[in-house]
Amino acid sequence: MQDKYNHTEVERAVQAAWTQADAYRVTEDASKKKFYACSMLPYPSGKLHMGHVRNYTINDMLTRNLRMKGYNVLMPMGWDAFGLPAENAALKNGVPPAKWTYENIAYMKKQMQAMGLAIDWSREVATCDATYYKWNQWLFLKMLEKGIAYRKTQVVNWDPVDQTVLANEQVIDGKGWRTGAPVEKREIPGYYLDITRYAQELLDHVQIGNEKATLNGWPDKVRLMQENWIGKSEGVRFAFTHDIAGADGSLIGDGKMYVFTTRADTIMGVTFCAVAAEHPLALHAAATNPALAAFLEECKSGGTTEAELATQEKKGMPTGLFVTHPLTGAKVEVWVGNYVLMSYGDGAVMGVPAHDERDFAFALKYDLPIQQVVSVKDQAFNDKEWQEWYGDKQSCVCINSGELDGLNQKAAVNKVAELLAAKGLGEKKTTWRLRDWGISRQRYWGTPIPIIHCDEHGAVPVPEKDLPVVLPQDCIPDGSGNPLHKHEGFHAGVTCPVCGKPARRETDTMDTFVDSSWYFMRYCDPTNTDAMVAEGAQYWAPMDQYIGGIEHAILHLLYARFWTKVMRDMGLVKVDEPFTKLLTQGMVLNHIYSRRTAKGGKDYFWPHDVEHVLDDAGKVVGAKLKNAADSSDGKLPVGTAIDYEGVGTMSKSKNNGVDPQDLIERYGADTARLYTMFTAPPEATLEWNDAAVEGSYRFLRRVWNFAFKHEATLKAATAGNLSAAKPRKEAADLRREMHVVLKQVSYDYDRMQYNTVVSGCMKLLNALEDFKADGSEGDNAVLCEGMSVLLRMLYPACPHISANLWAELGYAKQSGDLLDTAWPEVDERALQRDELELMLQINGKLRGSVTVSATATKEQIEQAALATDAFIKQANGAAPKKVIVVPGRLVNIVV
């Protein structure tokens, strides 16, 4: 073997051997216990980032370790290839999204292969491939048949310049992110999936403490996020009545304005009602009130999500309309509130400012009455400053509420429901925060919705035999709306499947969450042209371990769970949940350095151009350039003071990212893998440290140097021919240390604590380096066994150097390639010691040690301690008063 560790040559040779052997192709094998481990598929943005490296290395370590333990392990990979970033790139570069996407896929795949990942590339999928999205369309049509998919009008963010719908995050201060044009709220038809019909099951399986929960292998924080998003609420839905007639003379809403509340016990504290801008009562009032009409238009430029509504300024305007309180008969003023969404509940809320923080702020702003109707013992109510009033619902009782007075919260709710039911105006009801999933996107780069529009028959499903509806790949978005509207080839020759008359295709495409909601099932049968899933899914599903970022904890995981349940109910799969266990890896962070420019902007600087400024205590208080750097103000010289912003997620825009390709070229993939595993536990954030990267590389050089130094000995010896003679103490101590470390590392692999796995490898290397072999057969055999254990422990983290040394040192001739070599077993006999070294204390002070037989009795230990030179010298002839033996640890003699 070479005397120097050359990572480039080692990794190139090992990867070539894996490729030639097709080492990672996996097939279904009923004779083996299966394990399906999968990382969330990436968006092909162009380059891997260090978050990808960390995610995939976690998966790879799991895969390699389990394969050594005899499992049939599947680790696939694919590409979440549809979506807006490709359209943005097309606008910027003037190339079709398809070309940009496939070029990025090719480059990122090469990067993954350079990392040495044990991916079965025969199962690769790209969601923009028609052979994949055909099944999106097929299942959509099946959902349409079952009533799970349906068409209705939806309110969207509309950019009038780009002529396109914008996602909420693309609306900045009420304007389109690209054009800066004021965004409009428009009601347009779209397709929805009835996820709410599965709401109870989705909640049951994830809810902590629910006896029906099956996702106990998920982090509690993710389960709680899902539970809150599903948002089950039990309360009362009831109506305020009115006599307001519309233009046709009929009462609007049959004379009823419905609301839902979880706190019906506060119904007597209603001092106003608020409705959404799209509510029929608001529209009716605005027809004769120009100021109100203008306010409704203003509301349309506001947020459309609860998160946005929570942070935006609460505004309102009275409609001049009144509704009647269902229990008191009092007239209640109706306001329009910009914080009320038509898509949530009935688009109206009852205002109880005394006992709701949002209503309280609204009432103070517009000088509306505040009426206390709940009392908490020993607490004084303050109608000028908000205070949390429902800390302990059991101690709350109703006041100023007529026949409800004195009732606690639960009893009052029951009584209100009873009173409303008697009037035919309300009933107890369960509602959900979860809303049906709108999948229509007025964009180009996505799965075409398989619908044909006919003037006579309306929206008609594309016949199954005509699937897939293929998305043209030659479009280049120009910012003037969806290019599918103008693509003649997409519309050419389209006829209505019912009547055969000329028709037009649906140009909306599906939400890209559709693509990622079942790709993990397609990995199981990636080339099957006859079925969405087949025998492969029956073997591999459910996935045993899913790995991905916490940012996908809600929507992606929720939609994937829903999609799986739909597939189950249609007989396609046999599982209730797609992912048995979930690991959310921490983000990779790096230092951020910036400087305000002369024009008030901000420039960011690469960490390698900066050094910290420390105070006397060693705390970072600033930074300065150690290399000259470009900025908006020209070239900045060495020593220029800049701002230190702490650490944050790696980002191209903040110049604090690390290119994995540069890291691999400089240090090798094994170093990149080792560093990302060693620096922090998988779930924790990882703070980048260049010095620690160097440290990881030095460790691998030490492994190589040790192998080179002992090459002849290791080749000559085998781990299996331990000398029949009793090993000398030093060799026995090394074997004991070796198997103690192996036992801990095996445990750490099982719990996916890979940082301590690496620590164990370092600890064993230290022991091997410290061992002074005497050249005997026994010593050489122990040394050989130790190297064999080290390489197998290290292999899942650093497969290239481990596989190379395994072959170079002759282990492969004995046990085969490291890829399928069995995981080492702990030798329990090696853990046992013939002798023990106990600390010796005299009158509580450490005076040395005493060596005794591992089987020595308490009396024998006492005799050995009293016979030591240390005791004889300290006692000076005096007899011991007491001898205290702490088994396995120490002996304390009191003189």
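The values are calculated or read from the model by the stated rules, or taken from the named source; none is laboratory data. Being a predicted model, the structure only gives us computed values, none of them experimental. Here Cβ is always computed from backbone atoms with ideal geometry, including for glycine, and neighbour counts include all displayed protein chains.
Residues of the range 204-235 that are touching a strand residue (DSSP E or B) at 6+ places or on another chain (Cβ under 9 Å), under 12 Å from ILE554 (Cβ atoms) and surrounded by fewer than 17 Cβ atoms within 10 Å (Cβ to Cβ): LYS221, GLY231.
The residues of the range 508-558 that are among the β-branched types (Val, Ile, Thr) and assigned to a loop (DSSP other than H, G, I, E, B), listed by number, are THR512, VAL514, THR527, THR529, VAL533, ILE554.
The residues of the range 5-51 that are part of a helix (DSSP H, G or I) and at pLDDT below 95, listed by number, are MET50, GLY51. Only one of the numbered conditions (1) surrounded by 15 or more Cβ atoms within 10 Å (Cβ to Cβ); (2) outside any loop (DSSP other than H, G, I, E, B); (3) not acidic (Asp, Glu) is violated by ALA277, and that is (2). So ALA712 clears everything in (1) assigned to a helix (DSSP H, G or I); (2) surrounded by 15 or more Cβ atoms within 10 Å (Cβ to Cβ) except one condition, right? Which one? Among (1) assigned to a helix (DSSP H, G or I); (2) surrounded by 15 or more Cβ atoms within 10 Å (Cβ to Cβ), ALA712 violates only (2). When the residues of the range 481-507 are filtered to those that are in a loop (DSSP other than H, G, I, E, B) and out of contact with any strand residue (DSSP E or B) (no Cβ under 9 Å at 6 or more places or on another chain), the one that is nearest to VAL165 (Cα to Cα) is HIS487. You will find that of TYR675, TYR644, the residue that is outside the structural domain of HIS612 (by TED's automatic domain parsing) and without any contact (Cβ under 8 Å) to a residue 60 or more places away in the chain is TYR675 and no other.
Just one residue in the set ASN414, ASN400, ASN382 is of a type outside the set (A, V, I, L, M, F, W, C) and in contact (Cβ under 8 Å) with a residue 24 or more places away in the chain; that residue is ASN400. Counting only strands (runs of 3 or more DSSP E) that sit completely within the range 582-622, those holding 1 or more residues that are touching a residue at least 40 places away in the same chain (Cβ under 8 Å) correspond to 588-596, 602-605.
Listed conditions (1) in contact with a Lys or Arg (Cβ under 7 Å, 6 or more places away or on another chain); (2) modelled with pLDDT of 90 or more are all met by GLN874, apart from (2). Restricting to strands (runs of 3 or more DSSP E) lying wholly in the range 322-413: which have 2 or more residues that are within 40 Å of the chain's Cα centre (by Cα), buried (at least 19 other Cβ atoms within 10 Å of the Cβ) and not small (Gly, Ala, Ser)? Where strands (runs of 3 or more DSSP E) fall fully within the range 322-413 and carry at least 2 residues being within 40 Å of the chain's Cα centre (by Cα), buried (at least 19 other Cβ atoms within 10 Å of the Cβ) and not small (Gly, Ala, Ser), they are 348-351. Annotation: of all residues in the range 623-658 being in a loop (DSSP other than H, G, I, E, B), out of contact with any helix residue (DSSP H, G or I) (no Cβ under 9 Å at 6 or more places or on another chain) and at pLDDT 90 or above, the one that is farthest from THR685 (Cα to Cα) is PRO637. Please enumerate the residues belonging to the range 498-552 that are within 26 Å of the chain's Cα centre (by Cα), closer than 22 Å to ARG151 by Cα and among the aliphatic types (A, V, I, L, M). Of everything in the range 498-552, those that are within 26 Å of the chain's Cα centre (by Cα), closer than 22 Å to ARG151 by Cα and among the aliphatic types (A, V, I, L, M) turn out to be MET510, VAL514. Can you say whether ALA731 is outside the structural domain of VAL620 (by TED's automatic domain parsing), surrounded by fewer than 20 Cβ atoms within 10 Å (Cβ to Cβ) and not charged (D, E, K, R), as far as the supplied structure shows? It is false that ALA731 is outside the structural domain of VAL620 (by TED's automatic domain parsing), surrounded by fewer than 20 Cβ atoms within 10 Å (Cβ to Cβ) and not charged (D, E, K, R). Against the conditions (1) closer than 21 Å to ARG435 by Cα; (2) surrounded by 19 or more Cβ atoms within 10 Å (Cβ to Cβ), ASP569 satisfies every one except (2).
When PRO461 is tested against (1) closer than 30 Å to THR266 by Cβ; (2) in contact with a helix residue (DSSP H, G or I) (Cβ under 7 Å, 6 or more places away or on another chain), only condition (1) is not met. When ALA247 is tested against (1) under 19 Å from LYS565 (Cα atoms); (2) not in a strand (DSSP E or B), just one condition goes unmet, and that condition is (1).
Whenever a residue of the range 1-29 is without any contact (Cβ under 8 Å) to a residue 12 or more places away in the chain, it has no partner that is surrounded by fewer than 12 Cβ atoms within 10 Å (Cβ to Cβ) and assigned to a loop (DSSP other than H, G, I, E, B) lying with C-beta atoms less than 6 angstrom away and at least six residues away or across chains. For the range 750-781, taking the residues that are free of Cβ contacts under 8 Å to residues at least 60 places away in the same chain and within 16 Å of LYS729 (Cβ to Cβ), the one that is nearest to the chain's Cα centre (by Cα) is identified as ALA767. Just to be sure, is ILE872 farther than 26 Å from ALA732 by Cβ and loosely packed, with under 12 Cβ neighbours inside 10 Å? Yes.
For the range 164-213: of the residues being of a type in the set (Ser, Thr, Tyr) and part of a strand (DSSP E or B), which is nearest to LYS92 (Cα to Cα)? My answer is THR164. Residues of the range 256-273 that are within 15 Å of TRP335 (Cβ to Cβ) and within 37 Å of the chain's Cα centre (by Cα): VAL259 alone. Can we say MET77 is within 19 Å of THR676 (Cβ to Cβ) and modelled with pLDDT of 95 or more? Spelling it out, MET77 is indeed within 19 Å of THR676 (Cβ to Cβ) and modelled with pLDDT of 95 or more.
Is it the case that ALA167 is modelled with pLDDT under 95, among the aliphatic types (A, V, I, L, M) and under 24 Å from the mean Cα position of the chain (by Cα)? It is true that ALA167 is modelled with pLDDT under 95, among the aliphatic types (A, V, I, L, M) and under 24 Å from the mean Cα position of the chain (by Cα).
Checked against the criterion of being surrounded by fewer than 18 Cβ atoms within 10 Å (Cβ to Cβ), among the polar types (S, T, N, Q) and closer than 24 Å to ILE547 by Cβ, the candidates SER776, SER759 yield just one match: SER759.
Residues considered: ALA865, ALA856, ALA870. Of these, the only one that is part of a loop (DSSP other than H, G, I, E, B), over 41 Å from the mean Cα position of the chain (by Cα) and on the phi < 0 side of the Ramachandran plot is ALA856. Sort out which residues of the range 280-299 are among the aliphatic types (A, V, I, L, M), outside any loop (DSSP other than H, G, I, E, B) and over 39 Å from the mean Cα position of the chain (by Cα), and write them in order of number. Scanning the range 280-299 gives LEU281, ALA282, LEU283, ALA285, ALA286, ALA291, LEU292, ALA293, ALA294.
Here is a yes/no grid of residues against (1) in contact with a Cys (Cβ under 7 Å, 6 or more places away or on another chain); (2) in contact (Cβ under 8 Å) with a residue 40 or more places away in the chain; (3) in the same structural domain as MET61 (by TED's automatic domain parsing); (4) outside any loop (DSSP other than H, G, I, E, B):
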{"position": "MET112", "(1), (2), (3), (4)": "no, yes, yes, yes"}
{"position": "LEU117", "(1), (2), (3), (4)": "no, yes, yes, no"}
{"position": "TYR133", "(1), (2), (3), (4)": "no, yes, no, yes"}
{"position": "TYR150", "(1), (2), (3), (4)": "no, yes, no, yes"}
{"position": "VAL155", "(1), (2), (3), (4)": "no, yes, no, yes"}
{"position": "VAL161", "(1), (2), (3), (4)": "no, yes, no, no"}
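What is the one condition in (1) closer than 17 Å to PRO526 by Cβ; (2) under 17 Å from the mean Cα position of the chain (by Cα); (3) crowded, with 23+ Cβ neighbours inside 10 Å that TYR56 does not satisfy? Failing condition for TYR56: (1).
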